[in-house]
Each structure stands twice: as structure tokens, then as C-alpha cells.
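Shown next, in C-alpha cells, is the structure this report addresses.
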Amino acid sequence: MRRIAVCPGSFDPVTLGHLDIITRASRLFDKVIVLISRNAGKAQPSFTATERMLMIEAVTRDLDNVVIDILDGLLADYVRNVGAVAIVKGLRAVSDFEYEFQMALANKKLYAGAETVFLTTPAENKNLSSSVVKQIAYFGGDISHFVPGIILDDIKQRLVNDN
Ligand code: PNS
């Protein structure tokens, strides 16, 4: 049986932290679907879903069993429809836990056929988030330690405050 995992997130934009989780998930499962999803609790994204998809495509090109998709709906429905056995998320710190635990429980209630699997991030990614990347880029700071080099210019062009 092919074991499919879904790796959902806003990816606005994708960071080295996301790439680490996607890469490790790709070693654990036969196929990984990176799923660009809407977080109803977050403000309007900075990048369109298509832009985010193109950036993820660029940084996962070497991972043969990784594909990318865009979700406009409930994660649990998508997971059921594709027959995935796992939802893979990264856990950075204790502060992530409460929120992630809530989502894992809700998703399990909506669809019991998949498990949420948490991968702990390495220490260097502990404080890394798309929001931090956006803040630094906006003020012209160096984000090369936080995002894959291949998408550095795409992010800078969009986010640097040139007023
Ligand atoms: O990267 P994020 O913003 O922390 O990811 C959160 C995300 C997008 C995975 C979550 O908001 C989500 O699953 N959205 C899809 C809609 C849905 O199913 N919401 C209910 C989850 S309990």
C-alpha cells in the first residue's frame, strides 16, 4: 500500500523550516502532498496561492515523491479524498503545541482515518516563521539564513519596503 501524507500550511512564504519538515516527511512516506491551505485566523496572505505554489515547486524540485496542491476548504475532507494516512506538521516550541493539539483533535474528529504526526524542528529553526521572514524582508534585512536561496529574490522583490 502506498502511504500518502499531507503537509498542510500557509507557506506565505515557504521557509527553510518548512523545507526541513517536507524533506523529512518525504523519507517517511511514499508520497507527500504539500498542501497550500487557508488559515482563517490569519490576515490576507502576502503571496497568492499560485506564487506560493511556484516557490514550493522550486525548492522541492529534487524530492521525487513530493507534489503540491492548493486547498480551498477543509483539510480533513481533502485528506479523506486522497486517502492520506497522515497529516505532517512541524513543532517548533511548546508555544506551538496548544494550537497544533487543538487542530489535530479537530481533524481527527472530522476524519478518523488519518493521524497527525508532529516532527520536531531542529534548534536552528526554533524561532523561524514566515512572519519573521516577512518582517525582516520588509525592512531590507538579510533573510538568506531563513529561506532557500533559489526563492530569495522572489521574496525580496515582493516584500521589501521601497517607499
Ligand atoms: O501554516 P499555518 O497557517 O500554521 O497552517 C494552518 C493550516 C493552514 C494548516 C490550518 O489553518 C488548516 O488546516 N486550514 C485548512 C482549513 C481547515 O481544515 N481548518 C480546520 C483545521 S482544525
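Have a look at Leu35, Leu19, Leu75, Leu63 and point out the one that is within 16 Å of Ile4 (Cβ to Cβ) and in contact (Cβ under 8 Å) with a residue 60 or more places away in the chain.
Exactly one of Leu35, Leu19, Leu75, Leu63 is within 16 Å of Ile4 (Cβ to Cβ) and in contact (Cβ under 8 Å) with a residue 60 or more places away in the chain, namely Leu75.
Quick one: in the stretch 36-88, which of the residues that are within 12 Å of the ligand (Cβ to nearest atom), assigned to a loop (DSSP other than H, G, I, E, B) and among the small types (Gly, Ala, Ser) is least open to solvent (accessible area, probe 1.4 Å)?
Ser37
Hey, does the stretch 96-110 have a residue that's closer than 24 Å to Arg3 by Cβ and not in a helix (DSSP H, G or I)?
Looking for residues that are closer than 24 Å to Arg3 by Cβ and not in a helix (DSSP H, G or I), one finds none in the stretch 96-110, hence no.
Hey, does the stretch 146-155 have a residue that's exposed (fewer than 15 other Cβ atoms within 10 Å of the Cβ), outside any loop (DSSP other than H, G, I, E, B) and within 14 Å of the ligand (Cβ to nearest atom)?
Within the stretch 146-155, not a single residue is exposed (fewer than 15 other Cβ atoms within 10 Å of the Cβ), outside any loop (DSSP other than H, G, I, E, B) and within 14 Å of the ligand (Cβ to nearest atom).
Quick test of your reading of the structure: Tyr99 fulfils all but one of (1) farther than 18 Å from Asp12 by Cα; (2) under 14 Å from the mean Cα position of the chain (by Cα). Name the failing condition by number.
Result: Tyr99 fails condition (2) only.
If we keep just the residues of the stretch 1-16 that are among the small types (Gly, Ala, Ser) and open to solvent by 10 Å² or more (accessible area, probe 1.4 Å), which is nearest to Phe118 (Cα to Cα)?
Gly9
What number of residues in the stretch 109-145 are touching a strand residue (DSSP E or B) at 6+ places or on another chain (Cβ under 7 Å) and open to solvent by less than 80 Å² (accessible area, probe 1.4 Å)?
The number of residues fulfilling the criteria is 6.
The values are calculated or read from the model by the stated rules, or taken from the named source; none is laboratory data. Here the structure is a predicted model, which is why all the values come from computation and not from measurement. Glycine gets a Cβ as well: all are built from the backbone with ideal geometry, and neighbour counts include every protein chain shown. Just so you know, the surface numbers come from the protein's heavy atoms only, side chains and all, with ligands and any DNA or RNA stripped out. Shrake-Rupley method; radii C 1.70, N 1.55, O 1.52, S 1.80 Å.
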